[in-house]
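Scroll down for the structure; my scribbles are underneath it.
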Amino acid sequence: MPRIVFQGANLLDGDQPARAQSTVVVEGDRITAVCRGRKLETRPDDRVVDLGGKTLMPGLVSCHFHASYHDITIQPEPLGVEKPPGYLMLCAAQNARTALDCGITSYASAGANAGNIDADLRMAIEDGIVEGPRILAGSKGLDTHGGYTDTEKWWWELGNKGAQRFASGADEFRRVVRDEIKKGAGMIKIFLSGGHAVPHFAGGMSLSRAELDAVLETAHERGAKVRAHCAWRNVILEAVQAGLDVVDHGDQLDEACIEAMARARTFLVPSMFFTWQMLSPQAALALATEEQMAPLRAEFDNMVRRVPEAQRAGVRMVIGDDYGIIVLRHGRYAEELEFYVKTVGIAPLDVLRWATKNGGELMGLPVGTIEEGRLADLLVVDGDPSVDIAVLQDRQKLRAIVKGGRFVKDAL
């Protein structure tokens, strides 16, 4: 089998600092050799690519992705039924292709918008019908009757709740989780609290502890993960104690939450780029109510302080946000990385770990690092993102995008 041999690479392997003059060998869909700081003997039938100091790094992994979101607002609206299912699937396919063109070779869904869009899109990508990243498919957003997302909405009287699904009691939640997994979900999404622009009563956890335990137990015994819209301190602590895999947002994070998450190895998606966009006066006036904006301001300030603390404590953080909301359109993914460096104060190499190594761990796939035996999901970048992370925003600087050993883009 012909090999691809990348020589003269500035190697960012997803974990360690850059190493110049490195060689990486790809056979089929796997990385078969990594030689840091030296060349490797080649074969006559190899495709030898001399990168001349360009950076070779893992493909990016987005861990909070709504494939079918397209110019939505954060006002209550019929998510999942705002357009016909076929229209939303076309949006999802277009957004998946945009993500791949931006260097995102894998994504974990933060909840399917309607039907089984994530699972169906994953099937189409795997069968070669359309191009897109690897997908960890999400469920509909699960909540309990009378929970934070179960508000009076006229369109629910029509019988289609779109992106949401409701249950009551542990047994009913077990049934719903089994059904979502049967339909292809590998990531169950639940709503445990308000906050993060969900305007509702500031009570406790939406699900009862018995219901949460039932969701976690049922998902885990079937090999699925569970993520939660979880913004409030006490809810974060209880959910982490129960065994939640992914905390989305975590806006009221404090020292106790950080300690618990680091100990439990819980993933955190800070998703602060959306909040930062929302805090602009134009966005606030156009899209949000004061009920939504007042806590957003306070919680953003808290996260600016707490996220560096979480990084130092070893919390596994990942990238991804609510792209597709009108102030945060799909395609702006690399701006999020620069935001964490310049606004939040995280070192570029750490943010790159969030976007590669940590993301691969959340996906549960051998992606996110450049090591022997891993899937060959790779980027060639004209520049060094560990020095200037903004270089990833220039698609012309992405000279090659490789997924599973196959060039999706080849401008070498």
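Just a few scattered comments:
- Tilt relative to the chain, helix 170-182 - C-alpha long axis, 0 to 90 degrees, to 10: 30 degrees
- When the charge dipole of the stretch 338-412 is built from unit charges on Cβ atoms (+1 for Lys and Arg, -1 for Asp and Glu) and taken about the Cα centre, the candidate among A347, V387, L362 whose Cα reaches farthest toward its positive end is L362.
- Note on the stretch 65-140: with neighbouring protein chains present and a 1.4 Å probe, carbon and sulfur make up 55 percent of its accessible heavy-atom surface.
- When the helices of the chain are scored as -39500 (n - 2.57) per DSSP H run of n ≥ 4 and the total is divided over every residue, the value at 222 nm lands at -9500 deg cm²/dmol.
- Rounded tilt (10° steps) of 233-242 against the dominant C-alpha axis of the chain: 70 degrees
- What the chain shows is 39 Å² of accessible area per residue, with the surface traced by a 1.4 Å probe over protein heavy atoms.
- Summarising the amide proton neighbourhood of V226: residues at separation of 5 or more, or on other chains, whose placed amide H is nearer than 5 Å comprise I188, D245, V246.
- Fraction of the pair-distance distribution of the stretch 58-152 above 17 Å, Cα-Cα pairs, percent: 50 percent
- The distance separating the Cα centre of the stretch 76-153 from that of the stretch 310-372 comes to 20 Å.
- Cα shape, the stretch 204-277, gyration tensor, a/c 1.5 rule: prolate
- The stretch 250-384 shape via C-alpha gyration tensor axes, a/c threshold 1.5: oblate
- Residues whose amide H comes within less than 5 Å of that of G404, counting only those at least five positions distant or on another chain, are A376, D377, L378 (H built at 1.01 Å from N in the peptide plane).
- Candidate residues W276, W232, W354: accessible-area rank, largest first, probe 1.4 Å: W276, W232, W354
- Phi angles of the stretch 347-352 translate, via the Karplus equation with coefficients 6.51, -1.76, 1.60 and θ = phi - 60°, into HN-Hα couplings of 5, x, 5, 5, 5, 5 Hz per residue; Gly and Pro are given as x.
- Solvent-accessible area of the stretch 293-378 (1.4 angstrom probe, protein heavy atoms only): carbon and sulfur portion equals 49 percent.
- Pairs from the table (K182/K225; K183/K357; K189/K225; K183/K403; K161/K225; K140/K182) lying more than 18 angstrom apart at Cα are K183/K357; K183/K403; K161/K225.
- Computed from Cα positions, the angle between helix 85-101 and the longest principal axis of the chain comes to roughly 40 degrees.
- Relative to its Kirkwood radius, the Cα radius of gyration of the stretch 2-70 gives an Rg/Rh of 1.11.
- With DNA, RNA and ligands ignored, accessible area of C35 (1.4 Å probe; Å², nearest 10): 10 Å²
- Beta bridges by DSSP in the stretch 276-412, antiparallel share as percent, to the nearest 5: 90 percent
- Viscosity 1.567 mPa s, temperature 4 °C, Stokes-Einstein D of the stretch 86-130 from Kirkwood C-alpha radius, µm²/s: 120 µm²/s
- P(r) tail, the chain: Cα-Cα pairs separated by more than 36 Å, 23% of all pairs.
- The chain: antiparallel DSSP beta bridges as a percent of all, rounded to 5: 40 percent
- Considering the stretch 319-388, its Cα convex hull presents a mean projected area of 5.6 nm².
- Sequence-separation-based contact order of the stretch 1-70, relative, with Cα cut under 8 Å and 6+ spacing, percent: 38 percent
- With an a/c value of 1.5 or above and a/b larger than b/c for the gyration tensor axes a ≥ b ≥ c computed over the alpha-carbon atoms, the stretch 1-116 is described as prolate.
- Packing around the peptides 209-215, 267-273, 365-371, taken as the average count of other Cβ atoms within 10 Å per residue, puts them in this order, highest first: 267-273, 365-371, 209-215.
The values are calculated or read from the model by the stated rules, or taken from the named source; none is laboratory data. Worth saying up front: this structure is predicted, and the values here are computed from it rather than measured. Methodologically, a virtual Cβ is constructed for each residue, glycine included, from the backbone with ideal geometry; neighbour enumeration extends over all protein chains shown. Surface areas here come from the heavy atoms of the whole protein model, side chains and all, with no ligands, DNA or RNA. Shrake-Rupley method; radii C 1.70, N 1.55, O 1.52, S 1.80 Å.
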